[in-house]
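The values are calculated or read from the model by the stated rules, or taken from the named source; none is laboratory data. Quick caveat, the model's predicted, so the values are computed rather than measured. Here the Cβ positions follow ideal geometry from the backbone for every residue, glycine too, while neighbour counts run over all protein chains shown.
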Amino acid sequence: MSNLQHAELLSLRDRLREIYSGMAHLGPAKLAAKPPILDSSMDLSGGSTEEFHSHQDAIHGLRALREAVKRDLDVLEKFLANPASASMPSLSTNAPYLVAVWNEVLHAPPPIVTIWRTFLDAPLPASIPRRGSRKPSGVKVDVVAAGGKRWIRVNTTKNSRLLAEFREIDSYLTGSEDESADDESRPSLAQKEFDNSILRMGRSLLDAARRNPLPGDGGPPSVTLRLTRLDPAPSDPKDHDSRIAQTIERLRDMGIDVELGERDPQQLPRLSPAPERRLEPTLHINLDLSLLIALVSDITHAPLPESPAEAEARYYPPTQYREWKRKRLEACKGPDEHVDEDDGIGKHSRALANQALQEMARGLLHELRDRLTAVSSPSLEGVEFWTTPEARDRCLRIVLSKIGGPNEKRRAAALFPAPERPLADAEKAYWEGSRYPHAFLPLVPIRVFESSTPPLDLNPPISSETGLALSPFFPLLARTCRDILRQETTATPPAAHPSLSPPPNGPRGPLDEEEIERAAVTKANPRLTAHTVKSLLWGAAHGWTTLTANKSSVKAILRDIRAAEGGYGAVEQERTGNDAEERTVAAIWVVDPRSLAEGMRSG
């Protein structure tokens with residue numbers, strides 16, 4: 001369909017079409033580096049969740065920009081498809097601004113961290129409550145680029161609009177000149193010094209930049225202002241005013257990088273799909289507490305259930321135990337309080353059944369062996385498993401004190417054998433009764449780091465095992481962990497209910513775990529425990545892969561890295577040659593949890 005009356009709208013529609021499809025191919029030349037996290041966790045349908053590698057997470061705000069482009073594109077399509085539109089006035093659209101923002105995304109220095117972020121002005125004092133929709137004012141930045149070092153703002157103000165401002169200013173000035181001398185004491189709207197909306201925007205951007213300095217001593221980010229439609233020397237004399245050039249000069253005097261005009265469509269970078277990235281674990285695997293628990297869990301080693309119904313029945317306690325637990329709960333609650341068994345036993349049983357279903361879809365030890373043989377050899381030569389002293393001690397306290405069943409206790413003791421115990425004896429004890437063959441993985445013994453935290457000078461640039469350059473994410477992760485640990489930690493309060501004694505001959509349930517002292521959480525982030533941060537720090541400092549089943553902690557540390565560093569590190573070097581994949585060392589490897597479950601086995 002041709003509509004020559006709206007040639008500009010047709011051009012904008014075509015450009016929005018290109019942008020919308022091109023956003024899916026915003027490749028490695030522009031993206032902030034993705035965190036090198038190997039995600040082996042699964043949903044119950046058997047598919048990987050891929051929560052740490054989504055395209056939308058690579059640049060915050062990209063999804064919002066894409067949705068805005070789609071909305072304007074749909075409006076244009078509908079308008080131009082109407083046969084009556086040829087005789088209708090031109091449609092008002094936000095497309096020129098969206099096109100300009102996308103052009104800046106394409107030209108911005110990498111890595112791009114954020115699109116459409118509002119940086120708050122001075123926040124409301126704590127003594128002033130927020131009511132209704134009242135929010136602190138802020139300054140919008142269209143593109144935060146160069147890892148946070150440069151802010152880019154697009155402004156589509158035309159000469160005609162700024163000239164209208166000048167005419168309004170001139171009217172106040174003329175009115176004040178006409179007033180008599182007797183009225184000089186009355187307030188006047190006339191300007192005392194040259195100012196306009198563009199200059200006010202520039203000052204707001206600079207003020208916000210000063211209030212949001214870069215991490216460390218980086219100072220405030222630089223500010224670029226792209227004026228797409230403001231022309232200091234227009235061809236039409238009606239659009240000319242010397243104050244437009246004066247405005248641009250004042251902006252530059254402030255320290256703002258002013259760029260004029262729209263980007264040349266012929267010089268825009270061409271987009272191509274991002275290369276596939278193959279994340280590889282290191283041969284030395286750093287285990288956190290959640291993995292130590294998973295390695296001794298009944299779910300990991302027991303014969304697999306043959307159906308979901310069997311999995312559910314396996315971890316539902318017998319009637320005798322459930323009756324005992326109900327009575328104990330009633331004794332702890334008030335006479336009028338309702339005891340909901342589902343709050344404890346039922347909920348915990350379903351969680352264990354779900355873990356068994358995940359184990360049926362992909363066994364944890366099979367997953368580890370398959371990944372590690374791919375980077376070493378069928379004999380797993382050179383593969384070692386390490387952990388921190390805190391993770392070891394807490395694992396043994398949890399398993400050996402109350403929570404673990406007899407087989408789980410035996411496996412935990414075997415993973416950390418006493419010095420006088422023969423390794424062959426410990427290895428035999430660990431694999432006894434497992435559905436896996438003896439020495440399926442070289443887990444015995446799990447080696448323990450010599451101290452709580454690694455030395456400051458431990459920061460290898462290259463993986464000693466693979467020879468691959470380590471991602472910039474490794475030092476960022478290490479620095480963030482050290483910053484968190486530098487602050488004082490505090491312990492979570494003990495459980496509110498009194499200690500519950502287990503039945504003499506019954507299995508131990510989930511509530512018994514409350515008797516164990518809870519882990520210390522960090523003041524910097526209550527979602528992170530100190531022992532988890534130390535585990536992540538040791539892996540990052542060594543350049544080793546940290547294996548964890550604690551997905552929530554990984555998400556929490558990623559948020560801290562983004563907040564402190566503005567992203568996940570510098571853009572990785574583009575590939576050379578014709579390799580179909582890019583090999584990258586995984587800093588973190590996430591799997592699904594396996595809880596201690598032997599005490600919940602029915603029968």
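Which of the residues belonging to the range 204-232 are within 14 Å of F119 (Cβ to Cβ) and of a type in the set (K, R)?
Answer for the range 204-232, where residues must be within 14 Å of F119 (Cβ to Cβ) and of a type in the set (K, R): R210, R211.
List pairs: first residue in the range 208-228 and at positive phi, second residue in a loop (DSSP other than H, G, I, E, B) anywhere in the structure, Cβ distance under 8 angstrom, at least six positions apart or on different chains.
Taking only residues 6 or more apart or on different chains, the pairs are G219/P213.
I need the full set of residues from the range 229-271 which are basic (K, R) and in contact (Cβ under 8 Å) with a residue 60 or more places away in the chain, in order please.
R229, R243, R263
Look at the range 374-392 and say how many of its residues are modelled with pLDDT of 95 or more and surrounded by fewer than 17 Cβ atoms within 10 Å (Cβ to Cβ).
2
Counting just the residues of the range 118-145 that are over 25 Å from Q266 (Cβ atoms) and crowded, with 17+ Cβ neighbours inside 10 Å, which one comes out modelled with the highest pLDDT?
Ranking the qualifying residues of the range 118-145, first place goes to V141.
Collect the residues in the range 146-176 that are modelled with pLDDT under 85 and aromatic (F, W, Y), keeping them in residue-number order.
Y172, the sole residue that qualifies.
How about the range 477-497: which of its residues are over 19 Å from I285 (Cα atoms) and either at pLDDT 90 or above or not in a loop (DSSP other than H, G, I, E, B) (or both)?
R479, T480, R482, D483, I484, L485, R486, T489, T490, A491
Check off (1) of a type in the set (D, E); (2) at pLDDT 85 or above; (3) touching a Leu at 6+ places or on another chain (Cβ under 7 Å) for E565 and give me the number that stays unchecked.
Single failed check for E565: (2).
Residues being farther than 23 Å from V383 by Cβ and in a loop (DSSP other than H, G, I, E, B): count how many of those fall in the range 291-310.
6
Out of the residues in the range 99-119 that are touching a residue at least 60 places away in the same chain (Cβ under 8 Å) and in a strand (DSSP E or B), which is farthest from L76 (Cα to Cα)?
F119
Take the conditions modelled with pLDDT under 90, surrounded by 13 or more Cβ atoms within 10 Å (Cβ to Cβ) and in a loop (DSSP other than H, G, I, E, B) and apply them to P526. Does it pass?
Working: modelled with pLDDT under 90: yes; surrounded by 13 or more Cβ atoms within 10 Å (Cβ to Cβ): no; in a loop (DSSP other than H, G, I, E, B): yes.
So P526 fails the test.
Taking I256 as the residue in question, decide whether it is at pLDDT 95 or above, of a type in the set (A, V, I, L, M) and at negative phi.
yes
Test each condition in (1) of a type outside the set (V, I, T); (2) part of a loop (DSSP other than H, G, I, E, B); (3) modelled with pLDDT under 80 for D512 and report the one that comes out false.
Looking at each condition in turn, D512 falls short on (2).
Kindly indicate the residue of the range 297-314 that is within 29 Å of A414 (Cβ to Cβ) and free of Cβ contacts under 8 Å to residues at least 40 places away in the same chain and also surrounded by the fewest Cβ atoms within 10 Å (Cβ to Cβ) among those meeting that condition.
Ranking the candidates gives E306 first.
When you check D207 against the structure, is it at pLDDT 90 or above and either more than 28 Å from G255 (Cβ to Cβ) or part of a helix (DSSP H, G or I) (or both), yes or no?
yes
For the range 372-423, which residues satisfy the criterion of being of a type in the set (D, E) and under 26 Å from P281 (Cα atoms)?
If the condition is that a residue be of a type in the set (D, E) and under 26 Å from P281 (Cα atoms), then E381, E384, E390, D393 are the ones that fit.
For the range 348-437, list the helices (runs of 4 or more DSSP H) that sit wholly inside it and hold at least 1 residues that are in contact (Cβ under 8 Å) with a residue 24 or more places away in the chain, among the β-branched types (V, I, T) and within 27 Å of Y315 (Cβ to Cβ); which are they?
Where helices (runs of 4 or more DSSP H) fall fully within the range 348-437 and carry at least 1 residues being in contact (Cβ under 8 Å) with a residue 24 or more places away in the chain, among the β-branched types (V, I, T) and within 27 Å of Y315 (Cβ to Cβ), they are 389-398.
Please enumerate the residues belonging to the range 325-351 that are modelled with pLDDT under 70 and more than 42 Å from the chain's Cα centre (by Cα).
G334, P335, D336
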